[in-house]
Amino acid sequence: MHLKGDVIRRTLAFKRRCHKKNLGSFYKGKFNKENLGCLYMFTQKELGHLLVVLIILGFSVSLGSIISNGLDYSVILINFLLILIILLVSILAKKAAAYYYEAKIEHSIWMWERFGFKREERFPKPLPLGIIAPVIFSISSYGKAFWLAALEFDVYSTSARVSKRHGEHRYTEMTEIHIGLIAAAGVVATLIASVIGYLAGFPEFSKLSIYYAFYSMIPFGNLDGTKIFFGSRLTWYTLGIICLIFLGYAFAFSQGIM
């Protein structure tokens, strides 16, 4: 009886907190505009990081055209628009998956902290590899190759997840499987976007989407590929094979074979 009374008191207390924070609809499990707005909302920090990544990736993709044909602002603008759409497709798909698992995610520039396996093998300050890698790849190859992996994300459990009970235990933290599935949602959405772009007659968008999905599968640092790899090897291998098939089609198309 004492345990039952304690559970009831905690439930009532949580409902009051939800009401104060306008999270009552989360507790009731309703999909309304307010919930969706909260989970699809970008923080100011996140928007700032996305803007920097957009500029860097847009420059990387456009450098080859600039070297070959000079400054063509229409081409550069189109490349920036394509990168923006691809980023939004991937990010919104991951935010939707996080919403499904009652969590929130926040993206930031990919930072590199460790250079070894020991705890002390760290840089004094994290390196913004999400900025450095695309620039180095693009400049060193004169725009013929580019690196598109530039973002990482952190996961935060929502109050709805904290309040739920699964069996006799309370799961408030996201598991590696959940985080991996959230990251995988971005890859799947990007591949679907590539198919839609190809069928709609936008081959350049389709090709860039495939490249972005491929880079998202690389299991290095805190990239999405690492989250998928440690979340589920089967998911990583499956998506990896699919990305390689898509990559083969993109390469064949770029070489004029198809």
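The values are calculated or read from the model by the stated rules, or taken from the named source; none is laboratory data. Quick caveat: nothing in here was measured; it's all calculated off a predicted structure. Every residue, glycine as well, gets a Cβ built from its backbone with ideal geometry; the counts of neighbours run over all protein chains shown.
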Here is a check on your reading of the model: is residue 156 modelled with pLDDT under 85 and under 20 Å from the mean Cα position of the chain (by Cα)?
yes
If I ask for residues that are of a type in the set (A, V, I, L, M, F, W, C), out of contact with any Phe, Trp or Tyr (no Cβ under 8 Å at 6 or more places or on another chain) and either part of a loop (DSSP other than H, G, I, E, B) or modelled with pLDDT under 90 (or both), which ones from the range 96-129 would you list?
110, 111, 117
Can you list residue pairs whose Cβ atoms sit under 6 Å apart, with the first residue in the range 102-114 being farther than 14 Å from residue 186 by Cβ and the second being outside any strand (DSSP E or B) and basic (Lys, Arg)? Count only pairs 6 or more apart in sequence or on different chains.
102/161
Identify all residues within the range 217-258 that are closer than 18 Å to residue 207 by Cβ, without any contact (Cβ under 8 Å) to a residue 24 or more places away in the chain, small (Gly, Ala, Ser) and in a helix (DSSP H, G or I); write none if there are none.
248, 252
If you check 149, 200, 183, which single one turns out to be in contact with a strand residue (DSSP E or B) (Cβ under 9 Å, 6 or more places away or on another chain) and at pLDDT 90 or above?
183
In the range 132-148, anything closer than 16 Å to residue 113 by Cβ and buried (at least 19 other Cβ atoms within 10 Å of the Cβ) is listed as 133
Counting only residues that are of a type outside the set (Val, Ile, Thr) and within 22 Å of residue 147 (Cβ to Cβ), which one in the range 71-85 is nearest to the chain's Cα centre (by Cα)?
84
Here the qualifying pairs (Cβ atoms under 6 Å; residues six or more apart or on different chains; first in the range 62-89 and farther than 14 Å from residue 209 by Cβ and of a type in the set (A, V, I, L, M, F, W, C); second modelled with pLDDT under 90 and not in a loop (DSSP other than H, G, I, E, B)) come out as 75/65
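Residues are listed down the side, and each one gets a yes or a no for (1) modelled with pLDDT of 95 or more; (2) part of a helix (DSSP H, G or I):
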| position | (1), (2) |
| --- | --- |
| 39 | no, yes |
| 42 | no, no |
| 47 | no, yes |
| 59 | no, yes |
| 67 | no, yes |
| 76 | no, yes |
| 84 | yes, yes |
